[in-house]
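Asks: The structure is given below, and queries will be raised subsequently.
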Amino acid sequence: MSGGAAVADEVLLRRVTGGDSAALTLLYSRHGDALFRYLVRLCVDRMRAEEVLQDTLLAVWRGADTYRG
(Lines give C-alpha, C1' and ligand atoms only; values in the text may rest on other atoms or scores of the structure.)
Protein backbone atom coordinates (compact mmCIF):
# COMPACT_ATOMS: atom_id res chain seq x y z
CA MET A 1 0.00 0.00 0.00
CA SER A 2 1.91 3.05 -1.16
CA GLY A 3 1.26 6.57 0.11
CA GLY A 4 -0.09 5.15 3.37
CA ALA A 5 0.43 8.37 5.33
CA ALA A 6 -1.96 10.20 3.01
CA VAL A 7 -4.76 7.64 3.34
CA ALA A 8 -7.56 8.72 5.68
CA ASP A 9 -8.53 6.46 8.57
CA GLU A 10 -12.04 6.12 7.13
CA VAL A 11 -10.59 4.77 3.88
CA LEU A 12 -8.46 2.33 5.84
CA LEU A 13 -11.53 1.11 7.73
CA ARG A 14 -13.30 0.48 4.43
CA ARG A 15 -10.28 -1.54 3.34
CA VAL A 16 -10.34 -3.48 6.61
CA THR A 17 -14.00 -4.28 5.89
CA GLY A 18 -12.80 -5.89 2.67
CA GLY A 19 -10.28 -8.03 4.56
CA ASP A 20 -7.19 -5.87 4.00
CA SER A 21 -4.93 -6.74 6.93
CA ALA A 22 -2.31 -4.22 5.74
CA ALA A 23 -4.88 -1.45 6.32
CA LEU A 24 -5.39 -2.66 9.89
CA THR A 25 -1.62 -2.72 10.36
CA LEU A 26 -1.42 0.88 9.18
CA LEU A 27 -4.21 1.94 11.53
CA TYR A 28 -2.34 0.23 14.36
CA SER A 29 0.91 1.96 13.45
CA ARG A 30 -0.89 5.31 13.52
CA HIS A 31 -2.87 4.89 16.71
CA GLY A 32 -1.51 1.89 18.62
CA ASP A 33 1.06 3.70 20.77
CA ALA A 34 -1.34 6.42 21.91
CA LEU A 35 -4.07 3.88 22.58
CA PHE A 36 -1.66 1.69 24.56
CA ARG A 37 -0.53 4.66 26.70
CA TYR A 38 -4.17 5.48 27.41
CA LEU A 39 -4.94 1.87 28.30
CA VAL A 40 -1.95 1.65 30.65
CA ARG A 41 -3.31 4.66 32.55
CA LEU A 42 -6.79 3.18 32.55
CA CYS A 43 -5.84 -0.41 33.44
CA VAL A 44 -2.68 0.37 35.47
CA ASP A 45 -1.31 -3.11 34.65
CA ARG A 46 0.70 -3.14 31.39
CA MET A 47 -0.13 -6.78 30.65
CA ARG A 48 -3.85 -6.08 31.02
CA ALA A 49 -3.48 -2.99 28.82
CA GLU A 50 -1.82 -5.11 26.11
CA GLU A 51 -4.66 -7.62 26.31
CA VAL A 52 -7.26 -4.87 25.97
CA LEU A 53 -5.36 -3.41 23.02
CA GLN A 54 -5.34 -6.77 21.26
CA ASP A 55 -9.06 -7.21 21.98
CA THR A 56 -9.67 -3.74 20.56
CA LEU A 57 -7.80 -4.52 17.34
CA LEU A 58 -9.75 -7.75 16.98
CA ALA A 59 -13.00 -5.82 17.46
CA VAL A 60 -11.92 -3.35 14.75
CA TRP A 61 -11.14 -6.25 12.40
CA ARG A 62 -14.47 -7.95 13.06
CA GLY A 63 -16.65 -4.83 13.24
CA ALA A 64 -15.20 -2.50 10.63
CA ASP A 65 -18.27 -2.95 8.44
CA THR A 66 -20.47 -1.45 11.17
CA TYR A 67 -18.43 1.76 11.54
CA ARG A 68 -20.64 4.79 10.86
CA GLY A 69 -18.08 7.60 11.12
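The values are calculated or read from the model by the stated rules, or taken from the named source; none is laboratory data. None of these values were measured; they are calculated from a predicted model. Positions of Cβ are generated from backbone atoms using ideal geometry, with glycine treated the same way; all protein chains shown enter the neighbour counts. Surface areas here come from the heavy atoms of the whole protein model, side chains and all, with no ligands, DNA or RNA. Shrake-Rupley method; radii C 1.70, N 1.55, O 1.52, S 1.80 Å.
Asks: Looking at region 17-34, I want the residues that are at pLDDT 95 or above and have a partner that is basic (Lys, Arg) with Cβ atoms under 9 Å, at least 6 apart or on another chain. Which pairs are those?
Replies: ASP20/ARG14; ALA22/ARG15; ALA23/ARG14; ALA23/ARG15; LEU24/ARG15; LEU26/ARG15
Asks: Run ARG14 past the list (1) open to solvent by less than 70 Å² (accessible area, probe 1.4 Å); (2) assigned to a helix (DSSP H, G or I); (3) modelled with pLDDT under 95 and report the number of the one that doesn't hold.
Replies: Of everything listed in (1) open to solvent by less than 70 Å² (accessible area, probe 1.4 Å); (2) assigned to a helix (DSSP H, G or I); (3) modelled with pLDDT under 95, ARG14 misses just condition (1).
Asks: Sticking with this structure for a sec: Taking region 21-35 as the region of interest, how many residues are over 11 Å from LEU57 (Cα atoms) and not polar (S, T, N, Q)?
Replies: Here the count works out to 6.
Asks: Also: Can you tell me which residues in region 20-49 are farther than 22 Å from ALA6 by Cβ and either of a type in the set (Val, Ile, Thr) or out of contact with any helix residue (DSSP H, G or I) (no Cβ under 7 Å at 6 or more places or on another chain) (or both)?
Replies: Result: ARG37, TYR38, VAL40, ARG41, LEU42, VAL44, ASP45, MET47, ARG48.
Asks: Right, here's the next one. Quickly run through region 24-69 and pick out the residues that are charged (D, E, K, R) and in a helix (DSSP H, G or I).
Replies: ARG30, ASP33, ARG37, ARG41, ARG46, ARG48, GLU50, GLU51, ASP55, ARG62, ASP65
Asks: Of all residues in region 19-51, count the ones that are surrounded by fewer than 14 Cβ atoms within 10 Å (Cβ to Cβ) and among the polar types (S, T, N, Q).
Replies: Here the count works out to 2.
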